[in-house]
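Chemist: One structure, pasted below without further comment.
The values are calculated or read from the model by the stated rules, or taken from the named source; none is laboratory data. Please read all numbers here as calculations on a predicted model, not as lab measurements. Quick reminder, even Gly has a Cβ in these numbers, built from the backbone with ideal geometry, and neighbours come from all protein chains shown. Surface areas here come from the heavy atoms of the whole protein model, side chains and all, with no ligands, DNA or RNA. Shrake-Rupley method; radii C 1.70, N 1.55, O 1.52, S 1.80 Å.
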Amino acid sequence: MKILGIETACDDTSAAVVEDGYRVLSNVVWNQVRVHAEFGGVVPELAARRHVDVITKVIDEALRQSGTSYEDLDAVAVNCRHGLLRSVVIGVAAAKAISYARKLPLLGVHHIEGHIYSAFIENPDVGFPHVCLAVAGGHNLLIEVVSPGQYRLLGKTVDDAAGEAFDKVARYLGLGFPGGPLIDKMARTGNPKAYVFPRPMLDRDDFDFSFSGLKTAVLNLVTGLKNEGAAVNVKDIVASFQEAVVDVLVTKTIRASLAKNIGTVTVVGGVSANSHLRQTLAAKASEHGIRVIFPSLQYCTDNGAMIATAGFYRHRNGESAGLDLDAAASSPLGSENMIYA
Ligand code: KG4
Ligand code: ZN
């Protein structure tokens with residue numbers, strides 16, 4: 001079964017053709033980094049306009065690369081919940097038009113559900129239940145994935161997502177955008193023990209997160225050093241900041257797995273590309289006999305393949321939303337907009 005997946009949550013315009021939920025025939029991502037770089041963050045209006053400009057090109061290219069025509073498709077899946085609203089509607093409009101014109105079932109997918117299923121692309125045997133840490137710029141959740149389509153929210157950030165903290169710290173330090181990959185790379189040559197930053201919410205017996213205070217602690221340190229005329233060792237600062245973020249993410253994720261007695265953990269979303277997070281969680285998980293699965297880097301950040309894969313599992317469950325995309329609306333994953341400052 002071939003599904004066209006369309007994803008326009010934020011600043012990536014993406015379309016993919018995936019067969020049977022795991023065979024990725026194409027996965028085209030039109031990244032807008034250059035559009036937003038000069039502003040140090042995603043500008044929603046510009047993102048939406050860019051999606052309008054490129055969406056049909058991206059879909060055509062996904063079909064071309066996969067050697068698929070519209071006649072060969074069995075369904076269209078689209079992210080219809082969660083994201084910058086004006087961005088999301090561009091993908092939804094394109095998917096609805098294709099579904100209507102080609103008489104294809106339309107599958108509404110929640111953006112985070114898409115990330116959850118990104119782990120299934122290369123590991124269709126992930127299994128249920130499992131614990132999923134979904135961590136990116138617009139969301140930071142711990143989820144018990146009970147069965148296909150059934151999610152129990154264990155915890156979420158009460159303010160910034162980890163990716164948002166990476167982006168804001170990088171912007172303050174003048175490193176560029178997006179901050180996550182830049183800090184990841186720079187931190188490799190810094191000393192992670194140079195500064196001890198707070199580990200927010202670690203003393204609490206729940207699975208919620210908070211990264212706003214940690215981000216402010218970094219900004220205050222840098223401002224203080226500058227005011228004193230002291231040297232600002234950026235490498236040590238970002239390494240110490242990353243160490244604190246990773247410590248919190250890893251500790252809470254392992255705790256959730258142990259508390260729920262669930263032996264498989266997946267980590268998805270843009271921040272799951274972080275090399276220090278991948279190494280640290282893999283090491284801690286193995287100490288506890290927990291199986292941990294990361295998607296390969298191309299499926300960590302937003303992409304159409306994860307939407308097609310999530311659509312495949314929805315379709316297998318007998319769902320087809322038609323042109324009414326309510327299926328994803330009542331998800332416990334929430335439907336709030338992403339917040340980008
Ligand atoms: O999943 P994604 O493309 O979009 C959202 O759903 O938010 O994730 C983008 C986020 C950005 O905040 C970016 O800085 C972060 O993921 N990110 C990383 C890394 N690669 C991307 N954060 C830390 N380390 C990385 N290597
Ligand atoms: Zn995302």
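Chemist: Of the conditions (1) open to solvent by less than 30 Å² (accessible area, probe 1.4 Å); (2) in contact (Cβ under 8 Å) with a residue 24 or more places away in the chain; (3) out of contact with any strand residue (DSSP E or B) (no Cβ under 9 Å at 6 or more places or on another chain), T253 clears all except one; give me its number.
Modeler: So the condition that T253 fails would be (3).
Chemist: Name the residue, out of H288, H315, that is more than 9 Å from ligand 1 (Cβ to nearest atom), in contact with a Pro (Cβ under 8 Å, 6 or more places away or on another chain) and open to solvent by 20 Å² or more (accessible area, probe 1.4 Å). Outline the logic, then answer.
Modeler: Details: H288 fails: in contact with a Pro (Cβ under 8 Å, 6 or more places away or on another chain).
Selected residue: H315, the only one of H288, H315 that is more than 9 Å from ligand 1 (Cβ to nearest atom), in contact with a Pro (Cβ under 8 Å, 6 or more places away or on another chain) and open to solvent by 20 Å² or more (accessible area, probe 1.4 Å).
Yes or no, residue by residue, for (1) open to solvent by less than 20 Å² (accessible area, probe 1.4 Å); (2) within 16 Å of ligand 1 (Cβ to nearest atom); (3) closer than 15 Å to M306 by Cα:
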residue	(1), (2), (3)
G108	yes, no, yes
I112	yes, yes, yes
H115	yes, yes, yes
A119	yes, yes, yes
N123	no, no, yes
P129	no, no, no
N140	yes, yes, no
V145	yes, no, no
Q150	no, no, no
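Chemist: On to the next question. Could you tell me which of the residues G114, G91, G83 is within 26 Å of P295 (Cα to Cα), part of a loop (DSSP other than H, G, I, E, B) and within 16 Å of ligand 2 (Cβ to nearest atom)?
Modeler: Details: G114 fails: part of a loop (DSSP other than H, G, I, E, B); G91 fails: part of a loop (DSSP other than H, G, I, E, B).
Criteria check complete, one pass: G83.
Chemist: If I filter region 156-172 for residues that are more than 20 Å from the chain's Cα centre (by Cα), over 30 Å from A77 (Cβ atoms) and either open to solvent by less than 10 Å² (accessible area, probe 1.4 Å) or not basic (K, R) (or both), do I get at least one hit?
Modeler: Yes.
Chemist: Moving to a separate point now. Would you check which residues across region 26-56 are crowded, with 18+ Cβ neighbours inside 10 Å and part of a strand (DSSP E or B) and list them?
Modeler: Within region 26-56, S26, N27, V28, V29, W30 qualify.
Chemist: Moving on. State which residue pairs qualify: first residue of a type in the set (G, A, S) and inside region 297-314, second residue open to solvent by 20 Å² or more (accessible area, probe 1.4 Å) and within 13 Å of ligand 1 (Cβ to nearest atom) in any location, beta carbons under 8 Å apart, and separation of 6 or more residues or different chains.
Modeler: Sorted first by the residue in region 297-314, then by its partner, the pairs are G304/V29.
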